[in-house]
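Q: Can you read through this structure? Questions will come right after.
The values are calculated or read from the model by the stated rules, or taken from the named source; none is laboratory data. Predicted, not measured: the structure shown is a model, and the values here were computed from it. Note that we place each Cβ from the backbone using ideal geometry, even for glycine, and neighbour counts take in every protein chain shown.
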Amino acid sequence: MKKLLFVVAALMALGLAIPANAQDENRFSVYGGYYFVHSNISVNGSGTTTDTVSPEATSGNSSLGFNFNGGGGQFAYNLNQDRKIKFGVVADFADYRTSSHGGDFGIFNYLFGPRISFGDGRLQNYVQTLFGGARASGSGLSENTFAMTVGWGVDFQVTKHFFVRPAQVEYMLTKFNGFGATGNSQNSLRYSAGVGYRWP
């Protein structure tokens with residue numbers, strides 16, 4: 001534990017030594033990390049979910065909470081080099097799976113959209129809205145549907161090129177009709193944390 005705290009403190013000290021405009025010179029960035037999704041899905045007990053969710057969990061109409069874990073990555077490009085506010089575009093790909101309530105299935109997201117970043121120097125916040133699709137699969141079933149996210153994130157620049165992302169928190173909307181879902185939309189919380197690299 002002491003070694004971990006020492007490493008974190010050393011990285012932060014190194015970040016504080018970076019010139020304030022270091023990351024403003026970088027237009028491209030790639031990111032990879034852990035993704036977590038919590039989704040409340042309304043299901044029915046008509047038997048349509050028995051291939052993916054246990055029948056005991058779907059007796060009658062109910063709302064079940066599903067926790068997905070996985071990984072993913074992003075590619076981003078800044079359209080301008082203004083130090084205070086940057087406008088950019090993002091491509092986001094992530095895959096996560098769950099075994100909640102006796103089910104075993106996963107979701108793959110492919111999302112694209114604008115990002116606005118603001119901050120000066122080592123700490124940079126951003127907001128983004130992404131649109132695209134989601135593919136759910138499990139037990140021989142699959143479905144593709146519309147998906148979107150709206151959220152906020154924060155990056156800490158460790159060196160001129162490397163950064164740490166402690167949190168990206170988003171609302172995610174999907175439109176699955178299969179897998180026993182009784183509504184035509186699902187509201188989810190999506191969280192990610194990881195590391196990235198900026199250049200040139």
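Q: Just checking, does segment 77-89 include any residue being among the basic types (K, R) and modelled with pLDDT of 95 or more?
A: There is no residue in segment 77-89 that is among the basic types (K, R) and modelled with pLDDT of 95 or more.
Q: Inside segment 160-176, can you point out the residues that are within 24 Å of Y31 (Cβ to Cβ) and surrounded by fewer than 19 Cβ atoms within 10 Å (Cβ to Cβ)?
A: Hits for segment 160-176 are K160, H161, F162, V164, P166, A167, V169, Y171, L173.
Q: Does N109 fit the bill of being farther than 18 Å from G88 by Cβ and either touching a strand residue (DSSP E or B) at 6+ places or on another chain (Cβ under 9 Å) or modelled with pLDDT of 95 or more (or both)?
A: The answer is yes for N109.
Q: So, one more: Given the conditions (1) touching a residue at least 40 places away in the same chain (Cβ under 8 Å); (2) more than 15 Å from N40 (Cα to Cα), and given that W152 satisfies all but one, which numbered condition is not satisfied?
A: (1)
Q: If you take the residues of segment 48-76 that are at pLDDT below 85, within 18 Å of D104 (Cβ to Cβ) and of a type outside the set (S, T, Y), which of them is surrounded by the most Cβ atoms within 10 Å (Cβ to Cβ)?
A: Once the filter is applied, the top-ranked residue is V53.
Quick grid of which residues meet (1) of a type outside the set (D, E); (2) crowded, with 19+ Cβ neighbours inside 10 Å; (3) modelled with pLDDT of 95 or more:
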residue	(1), (2), (3)
G102	yes, no, no
F105	yes, yes, no
Q124	yes, yes, no
T129	yes, no, yes
G133	yes, no, yes
W152	yes, no, yes
V158	yes, no, yes
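Q: If you go through segment 117-132 one residue at a time, do you hit one that is in a strand (DSSP E or B), under 14 Å from the mean Cα position of the chain (by Cα), over 20 Å from G194 (Cβ atoms) and of a type outside the set (K, R)?
A: yes
Q: Sticking with this structure for a sec: Which residues, taken from segment 133-177, are out of contact with any Lys or Arg (no Cβ under 7 Å at 6 or more places or on another chain), among the polar types (S, T, N, Q) and assigned to a strand (DSSP E or B)?
A: S137, Q168, T174
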